[in-house]
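The values are calculated or read from the model by the stated rules, or taken from the named source; none is laboratory data. As the structure is a prediction and not an experimental result, all values here were calculated from the model. Quick reminder, even Gly has a Cβ in these numbers, built from the backbone with ideal geometry, and neighbours come from all protein chains shown. Remember, those area values only see protein heavy atoms, side chains included, never the ligands or the DNA or RNA. Shrake-Rupley method; radii C 1.70, N 1.55, O 1.52, S 1.80 Å.
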Amino acid sequence: MAATTVAANTTLSELSRMVGNTPLLGIECRFRGKRRVIYAKSEQLNLTGSIKDRMALHILRSAYETGQISPGDTIVEATSGNTGISFAALGRALRHPVRIFMPDWMSHERKDLIRSYGAEITPVTKEQGGFLGSIRMAEEMSARKSHVFLPRQFTNEANVKAHETTTGPEIWMQLESVGRRPSAFAAGVGTGGTVMGVGRFLRSMDKGIKVHPVEPAESPTLTTGIKVGKHRIQGISDEFIPEILNLSELDEVIQVSDGDSILMAQKLASTLGIGVGISSGCNLLSALTVQENLGPDAVVVTVFPDDNKKYLSTDLLHSEPAREGYIAPEVELLGLSILQRTCAFCSTSLTSLHRIS
Ligand code: PMP
């Protein structure tokens, strides 16, 4: 019998089978006396456990197509964590060395995971400029060395496209399979790729759909335009307004407290068995806030960007006091429905979807 041949190199198209096409969860709850449903994409189920795999895969694919990256080039990126984990894993699978610059206050699980994929990390202190310092150092490295590819997630339109061509269409089709259409989408802003890309796709289907960026109440950079205060929702609000985020295309910014987000994420794990990170708690609360304005029957969608395993050493795994104004204590989680992953056939028939003018 002929021996089975195993491909020496993983290809982008093979990796793409482990990224995206995530289930859409219908979170059933009671809030302020009314039964409601909020829909959330289960992005913790991606290859490395976060939504950033979609962006990393799409940026690498576009860079190969346009000749911006060649085999063996070093991938160098500034990131608060999940992006580094995605590029470290996908980069290694494609045989690229990976170098990550990141603020030194990010959870140690993030740093250990990046190192576990064979990538090198340069921790950047507050004195060295924190997040902005990380971006500057990545740029300086690419100016000094050849054979370096910079994904530049904060300025690269391929980040937005990743969500415009995958996350957005998946949401539309999954809701359509149960005869529903989205009224609004809300998501915390790190690079803004998720909210811009999903928002653009949903608005191309129905321009009446509301699209809300979300920020931590303790550090309202989107509202003030500057870095203010500090917060515990890792992955969002990275000290500045990213270039790919166009606030004039979006509806009003929603603010959520970090402690409230922690309480909500804890409740998702302990009540429904959905172990997600702090920004997922934040996103669910923002979606409920939007629904409160639109009415309890509005179909409001968000994303759960990552799982809870990267937060074992953070406040997510400790008792969090409920403060005045928090809404998580008022949310009674009742159950879960799960809308299937989309199939390859459905994705290709997207152009035949009915657009609402
Ligand atoms: N939550 C987490 C945990 C993240 O890592 C990120 C990405 N930094 C986001 C939310 C925000 O996603 P985006 O960069 O697409 O705005």
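Things worth noting here:
- Radius of gyration over Kirkwood radius for region 221-272, both on Cα atoms: the Rg/Rh ratio is 1.05.
- Rounded to the nearest Hz, the phi-derived 3J(HN,Hα) couplings of region 40-46 under the Karplus curve 6.51 cos²θ - 1.76 cosθ + 1.60 (θ = phi - 60°) are 9, 6, 8, 6, 5, 8, 5, where x marks glycine and proline.
- Tail weight of P(r) past 26 Å, computed on alpha-carbon pairs of the chain, percent: 48 percent
- Here the Kirkwood formula puts the hydrodynamic radius of region 160-205 at 10.5 Å, using every distinct Cα pair.
- DSSP beta bridge pairing in the chain, given as percent antiparallel to the nearest 5: 40 percent
- Accessible-area order (highest first, 1.4 angstrom probe) of the listed residues L132, L222: L132, L222
- 10 Å binning of all Cα-Cα separations within region 206-342, expressed as whole percents from 0 upward: 11, 41, 36, 12, 0
- Taking a straight line from the alpha carbon of K310, these lysines sit under 22 Å away, with near neighbours fewer than eight places off in the same chain left out: K41, K52, K111, K126, K230, K267.
- Of the residues L336, S16, S134, the one whose Cα sits farthest toward the positive end of the charge dipole of the chain, with +1 on the Cβ of Lys and Arg and -1 on the Cβ of Asp and Glu, is S16.
- Rg/Rh, computed from the Cα trace of region 51-94 with Rh as the Kirkwood radius, has the value 0.93.
- For the pair region 234-264 and region 136-212, the centres of their Cα atoms are 14 angstrom apart.
- Using only Cα coordinates, the Kirkwood hydrodynamic radius of region 262-314 works out to 11.5 Å.
- Packing-based ranking of 45-51, 155-161 yields 45-51, 155-161, ordered from highest to lowest mean Cβ neighbour count within 10 Å.
- For region 129-271, the Kirkwood hydrodynamic radius comes to 16.7 Å, computed from all pairs of different C-alpha atoms.
- A probe of 1.4 angstrom, applied to the heavy atoms of all protein chains, finds K207 with accessible area near 140 square angstrom.
- Share of Cα-Cα pairs in region 32-166 lying beyond 27 Å, as whole percent: 20 percent
- Fraction of C-alpha pairs exceeding 18 angstrom in region 275-342: 49 percent, rounded to a whole number.
- Using Cβ point charges alone (K and R +1, D and E -1), the dipole size of the chain about the Cα centre works out to roughly 600 debye.
- Within region 226-303: Cβ-based charge dipole about Cα centre, in debye rounded to nearest 20 (Lys, Arg +1; Asp, Glu -1): 400 debye
- Fraction of accessible area attributable to carbon and sulfur, region 1-129 (%, probe 1.4 Å): 51 percent
- With all protein chains modelled, accessible area of M18 [1.4 Å, Å²]: 100 Å²
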